[in-house]
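The values are calculated or read from the model by the stated rules, or taken from the named source; none is laboratory data. A quick note: this is a predicted structure, and the numbers were derived from the prediction, not measured. Cβ atoms come from the backbone with ideal geometry, glycine included; neighbour counts cover every protein chain shown. The accessibility values were calculated without ligands, DNA or RNA, using every heavy atom of the protein model including side chains. Shrake-Rupley method; radii C 1.70, N 1.55, O 1.52, S 1.80 Å.
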Amino acid sequence: MTAGPAESTLAAADFDTLSGGLTEPEAIAVARAAAWARFTSLPWPTKKSEEWRYTDLTKIGFEALTPVVPAPATAEALSADVREVLGRSGERAGVVVLREGRVAHLELEPEVARSGVVLSSIRDAADRHPEVLRRALLEAQPGPAEEKLWALHLALLGGGYFLYVPRGVEMPAPIHAFHVVERAGTLSSAHSFVYGESGARAAVIDEFFSDDLDAETVSLHGATITGEGGAGIDYVALQRFGRGVKRFSTQHVVAGRDSRVVTFNVALGGDLSRADVTSRLDGPGSDSEMLALWFGDSDQHFDHHTLQHHAAPHAHSDLLFKGALTDAGSSVFRGLIRVDKGAQLTDAYQTNRNLLLSERSHASALPNLEIEADDVRCSHGATIGQVEDGQLFYLMSRGLTRRQAERLLVFGFFDEVLGRLPMEGVRARVREAIEEKIGL
Amino acid sequence: MSEPLLSIRGLRAKVEGEDGEILRGVDLDLERGEVHALMGPNGSGKSTLAKVIAGHPAYEVTAGEILFEGEDVLELEPDERSRAGIFLAFQYPAEVPGVSIANFLRTAVNSRLGEGEEMDVFGFQRTLTEKMEMLKMDPGFAARYLNDGFSGGEKKRNEILQMAVLRPALGVLDETDSGLDIDALKIVASGVNRLSEADEALGVLLITHYKRILNYIRPDRVHVMMAGRIAESGGASLADKLEAEGYDWLHRAVAAV
């Protein structure tokens, strides 16, 4: 399966080749063209920029990658690997499979569809809900250091799905989306669009995977997650790419009045994995919980960049990111709590904990506050530590090898975060993926 | 097999990186099926001996040997000693938040089975439930995080539970009785007795400060440790003498040597 006649490297690409001669909804064509112009005019950020000090973008051969041209959705049968995971993942309201961003399979429980829930490709959404799409994308304007990658993501937009949950509708189970990358040497992009109207309840798990690929491959991902007044949204991104893949995900949450949005990022695979997660507390009484876990071995590098942006008073945000590293694994966490002047009575917390299992592993933690209001409760903290000798000896004295004991301690270390995942079925799926990775 | 289950010869040990030996020539033989009590005042080296037998990395053995079933174990890692059949019930068990007792113990059980022979979840659960009933433990206990927020009594009971599940050849019980009220002490003691009944070859080295537990677990031999050595060994009546007369007479005897 190829993406059409117009394959070229990114260096040789122009906007026409990126469109592949396809007709597409105007909302998307216009946004993509503007993004492409923006992308070509911006320089790549270098290590001189604080945001990219520990993750060197200039070492990635973007120019030599083959951009995957946005293609219309197809309706393929579920592949064996997807069916296998689904068989072990509990209940769900729908399934999406994306191959290099292209929607290859999409199904929604008929009963859920009858309640008014929309699950479609972004392309179809641009025809039917252009205004919702446009607004969400406009609001998701990342910081200057992220702009180059975000522009590239938008320029390739076309892949991805759109979930819309109308007022007061509570979805009975999550949507399970699979983002599959199969072709080595490609640059592809997909977007997860989740929108909950007032009082809606929605849950989504995005699962990213590939085999080990033998050439540098880049997967871009964006998520825009919006909860209107009183909505509740749980969003999980489970990244278990194979080696060879470098992954950049930009996630943007807007939490309206009295809404509650949970994001949970799990990074296990790939050579390099970066997630840039912004939560904008947009309405009074809104609540954002931001969770993440990562486990890095070999020479994997994980980068988590977060912003808790309190734009409204009486809002609450709580971030808990935990990572464990072994071999020559490395990670960086850079987080900021920003409280606008009018956001009085903000309650905001930010915690990053790192566990190093080897001499060669390395973690950086850079928590930060920027507070303009004067009546707030904010705290932030970060730790980098090793396994406790007393715990290690205790477990080994029961026959566990050092490796088993260490891995069990990592699991214990992660449990606090896993326990905060609201959906039992999704929690089981995430736990299983982590077990598979750390090899208990 | 004629060699003792545990044979300690001229064992000297100190805290790694520090001067001053804590164990200064320990000799002790324990046969299969025997229960030995090891008593002695605070700081005499009882707990150090227990940890050195289990292979605690904070201690350095400077001389002597520990033979377990005739094999020198000093070069073995703590996990290898455990899988060989040595079990230490800790005086102060580590707290491990986030790891449930069931998950931990299943990993420990499977670590001594070959690949492909691992116990399945249900088989393991049956064993665990049975042992917990024996120790009068609430079934919900297995789901709790390992020692996390446990009372002193719960920790000690949990140690004996692990011993019951792992079925060692030698159990070294380091002050398992301390901090227990009389009811908890009886439960723990009867648990140890039932393990001895179920496995006639089980050897137990019972380290204690007080004679109290010896009213429930009858020792075959009693040793008294003083200043890093076994100062006196005898039958069960030695414990009665210590109870009546304290350690002073031994202090004087050791000083006279």
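Scan the stretch B:135-150 residue by residue and report those that are open to solvent by 30 Å² or more (accessible area, probe 1.4 Å), assigned to a helix (DSSP H, G or I) and more than 14 Å from chain A (Cβ to nearest Cβ).
Listed by number, the residues that qualify are B:Pro139, B:Gly140.
If the requirement is being buried (at least 16 other Cβ atoms within 10 Å of the Cβ) and away from every other protein chain (no Cβ under 12 Å), which of these qualifies: A:Asn354, A:Asn368? Spell out how you get there, then give the answer.
Numbers: A:Asn368 fails: buried (at least 16 other Cβ atoms within 10 Å of the Cβ).
The unique qualifying residue is A:Asn354.
Considering the stretch B:76-88 alone, what residues qualify as being within 7 Å of chain A (Cβ to nearest Cβ), farther than 29 Å from B:Gly140 by Cβ and not charged (D, E, K, R)?
Result: B:Pro78, single match.
How do the pairs read when you match residues in the stretch B:47-62 that are open to solvent by less than 20 Å² (accessible area, probe 1.4 Å) with residues anywhere that are among the aromatic types (Phe, Trp, Tyr), using Cβ under 6 Å and keeping only pairs 6 or more apart or on different chains?
Sorted first by the residue in the stretch B:47-62, then by its partner, the pairs are B:Val52/B:Tyr59.
Out of B:Leu113, B:Leu161, report the one residue that is within 14 Å of chain A (Cβ to nearest Cβ), crowded, with 20+ Cβ neighbours inside 10 Å and more than 30 Å from B:Gly17 (Cβ to Cβ).
Answer to the check: B:Leu161.
Tell me whether the stretch A:419-430 contains one or more residues that are in contact with a helix residue (DSSP H, G or I) (Cβ under 6 Å, 6 or more places away or on another chain), part of a helix (DSSP H, G or I), touching a residue at least 12 places away in the same chain (Cβ under 8 Å) and more than 7 Å from chain B (Cβ to nearest Cβ).
no
Filter the stretch B:46-59 down to residues that are under 18 Å from B:Ser7 (Cβ atoms) and small (Gly, Ala, Ser) and give me whichever is farthest from the other protein chains (Cβ to nearest Cβ).
So the residue we want is B:Ala50.
May I ask you to list the residues in the stretch A:23-49 that are assigned to a loop (DSSP other than H, G, I, E, B) and without any contact (Cβ under 8 Å) to a residue 60 or more places away in the chain?
Taking the stretch A:23-49 and keeping what is assigned to a loop (DSSP other than H, G, I, E, B), we get A:23-25, A:42-49.
Matches in the stretch A:23-49: A:Thr23, A:Thr46, A:Lys47, A:Lys48.
Being part of a helix (DSSP H, G or I) and either more than 30 Å from the chain's Cα centre (by Cα) or more than 7 Å from chain B (Cβ to nearest Cβ) (or both) is the filter here, so list the residues in the stretch A:381-404 that pass it.
Matches in the stretch A:381-404: A:Asp389, A:Gly390, A:Gln391, A:Leu392, A:Phe393, A:Tyr394, A:Leu395, A:Met396, A:Arg402, A:Arg403.
So is A:Arg377 open to solvent by 50 Å² or more (accessible area, probe 1.4 Å) and within 14 Å of chain B (Cβ to nearest Cβ) or not?
Judged against the criteria, A:Arg377 is not a match.
Give all pairs with beta carbons closer than 7 Å in which a residue from the stretch B:89-101 that is within 7 Å of chain A (Cβ to nearest Cβ) meets a residue that is part of a strand (DSSP E or B) and open to solvent by 10 Å² or more (accessible area, probe 1.4 Å); count only pairs at least 6 apart in sequence or on separate chains.
That search, which allows pairs on different chains as well, returns B:Val96/B:Tyr145; B:Pro97/B:Tyr145; B:Gly98/B:Tyr145; B:Val99/B:Tyr145.
Out of curiosity, is A:Ala104 assigned to a strand (DSSP E or B) and more than 16 Å from A:Ala203 (Cα to Cα)?
yes
Give the residues of the stretch A:405-440 that are open to solvent by 50 Å² or more (accessible area, probe 1.4 Å) and over 24 Å from the mean Cα position of the chain (by Cα), sorted by residue number.
A:Leu440
Say we look at the stretch A:127-150 and pick out the residues that are of a type in the set (D, E, K, R) and surrounded by 13 or more Cβ atoms within 10 Å (Cβ to Cβ); which of these is nearest to A:Val254 (Cα to Cα)?
Ranking the qualifying residues of the stretch A:127-150, first place goes to A:Glu139.
Considering only residues that are in contact with a strand residue (DSSP E or B) (Cβ under 6 Å, 6 or more places away or on another chain), farther than 17 Å from B:Leu5 by Cα and open to solvent by 50 Å² or more (accessible area, probe 1.4 Å), which ones fall in the stretch B:191-232?
Correct list: B:Arg229, B:Glu232.
Please enumerate the residues belonging to the stretch A:50-72 that are outside any helix (DSSP H, G or I), closer than 16 Å to A:Ala145 by Cβ and either among the charged types (D, E, K, R) or open to solvent by 30 Å² or more (accessible area, probe 1.4 Å) (or both).
So in the stretch A:50-72, the residues outside any helix (DSSP H, G or I) come out as A:53-56, A:60-61, A:65-72.
Remaining after also requiring closer than 16 Å to A:Ala145 by Cβ: A:53-56, A:60.
Result: A:Arg53, A:Tyr54, A:Asp56.
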